[in-house]
Amino acid sequence: MEERQVNCAKPYRLGILGSGKGSNCMAIADACAAGHIPAQVALVISDVPDAGILFGSRERGIKAVYIPPGPFRTKLDETAERSYVSALKDAGVNLVLLAGFMRILKGGFLRAFPQGVVNIHPALLPTFPGLESWKQALDYGAKVTGCTVHFVDEGIDTGPIIAQETVPVLPEDTAASLHARIQEAERRVYPEVVGALARGEICLQGRQAVWRK
Ligand code: GAR
């Protein structure tokens, strides 16, 4: 079976893409700054001009830019995709992290970063892929949900799973309270995974992400 070592590039330079408030991005940036992740956040990009992720990153001294996504609602157009790739390459990025980036990335983008593109999803995949997964879990009546960190492939939330953490759904939960509890778990698990990747502790055997520690 083909085994892919996912950390050949050193030092690790992270590019983070997000559309929202950026709590995952900040957790990762703070873990880098504290020395818990042996990597540097080289660039943050948002498709939303006034997204919190841009302001929080700049407050931390991280270069953060808005790059227009083009006319489509759910993906980047070709010009935008080229702009995203060249901004990340110019910044020396070798691992791309999606942190609440609400657009689908196509094969051209993914092939530009053979080290990997990683995403955090607010449910236990393969359940509740797509949008507002915490709301899907609540509406479905699930008693447990959680979050998943996974490599990105060309499907929607279908790439190899690296780590998951479970979160209970409580009887009194609203969509907002459940999402907040999931996000607490996200802020634990995502920095942990990025640290393990940067230390070369994760290896991909087919679909299996194997932790070597
Ligand atoms: C997170 O909960 C993340 O899992 C979710 O968006 C939120 C972003 O929050 N991502 C998706 O739903 C992707 N389909 P943040 O901006 O505070 O990191």
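With a ≥ b ≥ c taken as the square roots of the eigenvalues of the C-alpha gyration tensor of the chain, please select rounded if a/c is under 1.5 and otherwise prolate if a/b is larger than b/c or oblate if it is not? The shape class here is rounded. For region 169-178, the Karplus equation 6.51 cos²θ - 1.76 cosθ + 1.60, evaluated at θ = phi - 60°, returns couplings of 9, 9, x, 8, 5, 9, 4, 5, 5, 5 Hz by residue, with Gly and Pro reported as x.
Under 10 Å from the Cβ of Leu76, count the other residues' Cβ atoms, weight Lys and Arg +1, Asp and Glu -1, and hand me the total. The partial results should precede the final answer.
On the way: positive: Lys75, Arg82, Arg103, Lys106; negative: Asp47, Asp77, Glu78, Glu81.
Here the count lands on 0.
Heavy atoms of the protein chains alone define the surface here; on that basis the chain has 47 Å² accessible area per residue at 1.4 Å probe size. For region 51-139, applying the loop criterion from DSSP together with a ceiling of 13 other beta carbons within 10 Å to the GluC sites (Glu not before Pro) yields no site.
Here the Karplus curve 6.51 cos²θ - 1.76 cosθ + 1.60, taken at θ = phi - 60°, turns the phi angles of region 80-86 into couplings of 5, 4, 4, 5, 4, 5, 6 Hz, with x standing for Gly and Pro. Shown here is the pair-distance distribution of region 32-154: with all Cα-Cα distances grouped in 5 Å bins from zero up to the longest one, the shares run 2, 10, 17, 21, 20, 15, 9, 4, 1, 0 percent.
Under 21 Å of direct C-alpha separation, and excluding same-chain neighbours fewer than eight residues apart, Lys63 reaches these lysines: Lys10, Lys21, Lys89.
Of all lysines in the structure, the ones whose alpha carbon falls short of 22 Å from that of Lys143, not counting any fewer than 8 places away in one chain, are Lys135. Would region 47-118 count as rounded, prolate or oblate if I go by the C-alpha gyration tensor, calling it rounded below 1.5 in a/c and otherwise prolate when a/b exceeds b/c, oblate otherwise? Oblate shape, in that a/c is at least 1.5 and b/c is the bigger or equal ratio. Scanning residues 5 or more positions from Ile16 or on other chains, those with amide H under 5 Å from its amide H are Leu43, Val44, Ile45, Leu97, with H placed 1.01 Å from N in the peptide plane.
Taking the Kirkwood radius as Rh and the Cα radius of gyration as Rg, region 105-198 has a ratio of Rg/Rh equal to 1.01.
An ellipsoid equivalent to region 58-98, defined through the eigenvalues of its Cα gyration tensor, has semi-axes of 20, 13, 9 Å when rounded to whole angstrom and sorted largest first.
Report the net charge of residues surrounding Ser23, where surrounding means a beta-carbon distance below 14 angstrom and charges are Lys +1, Arg +1, Asp -1, Glu -1. Within the 14 Å Cβ shell, the charges total +1. Counting only DSSP beta bridges whose two residues both lie in the chain, roughly 50 percent are antiparallel. Taking a sphere under 15 Å around the Cβ of Ala33 and counting the other residues whose Cβ falls inside, with K and R at +1 and D and E at -1, yields a net charge of +3.
In the chain, the portion of solvent-accessible area held by carbon and sulfur atoms comes to 55 percent [1.4 Å probe, whole percent, DNA, RNA and ligands not counted].
Once backbone amide H atoms are built at 1.01 Å from N, Tyr66 has Ser46 as its partners under 5 Å, excluding neighbours fewer than 5 places away on the same chain.
The values are calculated or read from the model by the stated rules, or taken from the named source; none is laboratory data. Predicted model only: the values in this text are computed from it and were never measured. Heads up, the Cβs are rebuilt from the backbone with ideal geometry, glycines too, and the neighbour counts pull from every protein chain shown. Areas reflect the complete protein model, heavy atoms only, side chains present, ligands, DNA and RNA absent. Shrake-Rupley method; radii C 1.70, N 1.55, O 1.52, S 1.80 Å.
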